[in-house]
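The values are calculated or read from the model by the stated rules, or taken from the named source; none is laboratory data. From a predicted model like this one, the values you see are computed outputs, not experimental measurements. Methodologically, a virtual Cβ is constructed for each residue, glycine included, from the backbone with ideal geometry; neighbour enumeration extends over all protein chains shown. Note: areas computed on protein heavy atoms with side chains; ligands, DNA, RNA excluded. Shrake-Rupley method; radii C 1.70, N 1.55, O 1.52, S 1.80 Å.
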Amino acid sequence: MEFLYEGTITNQVLHKKQPMYIKRLYLEDLPIIEHVQETVIESLADKESLQPLSTEEYLFILNERGVVVGAFADHQLIGFRALLIPEIDEEHLGRDIGLAEEELSKVIYQEISVVLPEYRGNRLQQTLAEVVMKELPHLKEHFRYVCCTVAPMNIPSLKDKFSQHMYIKAFKTKYSNMERYIFVKDLVDPPLRYTDYISVKLDDFDKQRQLLDEGYVGLGFQLVKGFHEFQFAKPVL
């Protein structure tokens with residue numbers, strides 16, 4: 001069995017370290033993938049902060065339309081992360097960030113990322129992100145843009161995306177009337193310099209939309225008087 005990563009992880013309930021490894025998941029792993037997803041959803045206070053995938057969507061990804069990597073502790077699946085090669089339809093995230101039609105096929109999505117509650121606080125989401133992104137070159141297609149959506153006020157997921165140097169490009173209504181930030185990372189020609197930095201409160205959605213319409217992007221968090229605020233800036237083209 002080929003492991004993509006090996007290390008240890010702390011079970012926060014048992015207060016002990018356990019051996020952990022990450023490997024690619026396949027069709028035969030679908031039952032444990034869905035079991036972990038259900039467990040994580042049940043643990044969430046705000047169920048709308050995570051958009052679960054259906055069985056059909058997992059089948060789509062696992063049938064060579066993406067990659068799923070899973071983390072195991074004591075040989076039990078404790079978290080996973082997925083990349084999806086999306087169909088080009090009206091809901092395509094590339095349209096939300098202003099890509100031309102011929103660029104849409106160069107987009108891959110960072111899809112669902114879940115970790116069981118007892119293993120949170122180990123930076124496992126970030127480790128899974130690093131591992132799954134290393135699988136990109138093994139796909140048949142070549143991609144330039146990585147896109148994903150994040151619910152407002154989902155701080156762990158926002159931090160996860162910013163830690164990968166993704167940035168907020170748009171703020172749209174997705175998934176049947178739910179507000180979502182659209183994150184993107186240009187793997188070929190990322191913005192290197194920014195100007196006109198502005199801090200915006202996390203819940204000031206009108207100001208955030210105004211700045212995005214004016215060409216700003218959301219780069220990360222900044223502490224202002226002890227509270228987190230978004231940092232927006234304009235890329236220097």
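So which residues in region 121-140 are outside any helix (DSSP H, G or I) and open to solvent by 40 Å² or more (accessible area, probe 1.4 Å), if there are any at all? Steps first, answer last, please.
Initially, region 121-140 is screened for residues outside any helix (DSSP H, G or I), giving 121-123, 134-135, 139-140.
Those that are outside any helix (DSSP H, G or I) and open to solvent by 40 Å² or more (accessible area, probe 1.4 Å): 121, 122, 123, 134, 140.
Go through 118, 91, 103 for me and flag whichever is in a loop (DSSP other than H, G, I, E, B) and in contact (Cβ under 8 Å) with a residue 40 or more places away in the chain. Let's see the steps before the verdict.
Details: 118 fails: in a loop (DSSP other than H, G, I, E, B); 103 fails: in a loop (DSSP other than H, G, I, E, B).
Unique residue meeting the criteria: 91.
Restricting to region 165-182, count the residues that are within 16 Å of residue 97 (Cβ to Cβ) and part of a loop (DSSP other than H, G, I, E, B).
So the answer is 2.
Given (1) assigned to a helix (DSSP H, G or I); (2) modelled with pLDDT of 95 or more; (3) in contact with a helix residue (DSSP H, G or I) (Cβ under 6 Å, 6 or more places away or on another chain), identify the lone condition not met by residue 143.
Every listed condition holds for residue 143 apart from (1).
Within region 39-51, does at least one residue satisfy the condition of being exposed (fewer than 12 other Cβ atoms within 10 Å of the Cβ) and under 23 Å from residue 134 (Cα atoms)?
So far as region 39-51 goes, no, none of its residues is exposed (fewer than 12 other Cβ atoms within 10 Å of the Cβ) and under 23 Å from residue 134 (Cα atoms).
Residue by residue, here is whether (1) over 22 Å from residue 44 (Cα atoms); (2) within 12 Å of the chain's Cα centre (by Cα); (3) β-branched (Val, Ile, Thr) holds:
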site: 146; (1), (2), (3): yes, yes, yes
site: 158; (1), (2), (3): no, yes, no
site: 205; (1), (2), (3): yes, no, no
site: 220; (1), (2), (3): yes, no, no
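So, of the residues in region 1-34 that are free of Cβ contacts under 8 Å to residues at least 12 places away in the same chain and over 14 Å from residue 119 (Cα atoms), which turns out to be most open to solvent (accessible area, probe 1.4 Å)?
Per the criteria, the residue is 28.
Residues of region 57-74 being open to solvent by 10 Å² or more (accessible area, probe 1.4 Å) and in contact with a helix residue (DSSP H, G or I) (Cβ under 8 Å, 6 or more places away or on another chain), which ones?
Scanning region 57-74 gives 59, 62, 63.
Go through region 167-192 and give me each residue that's farther than 14 Å from residue 233 by Cβ, among the aliphatic types (A, V, I, L, M) and open to solvent by 20 Å² or more (accessible area, probe 1.4 Å).
Residues satisfying the conditions are 178, 187, 188.
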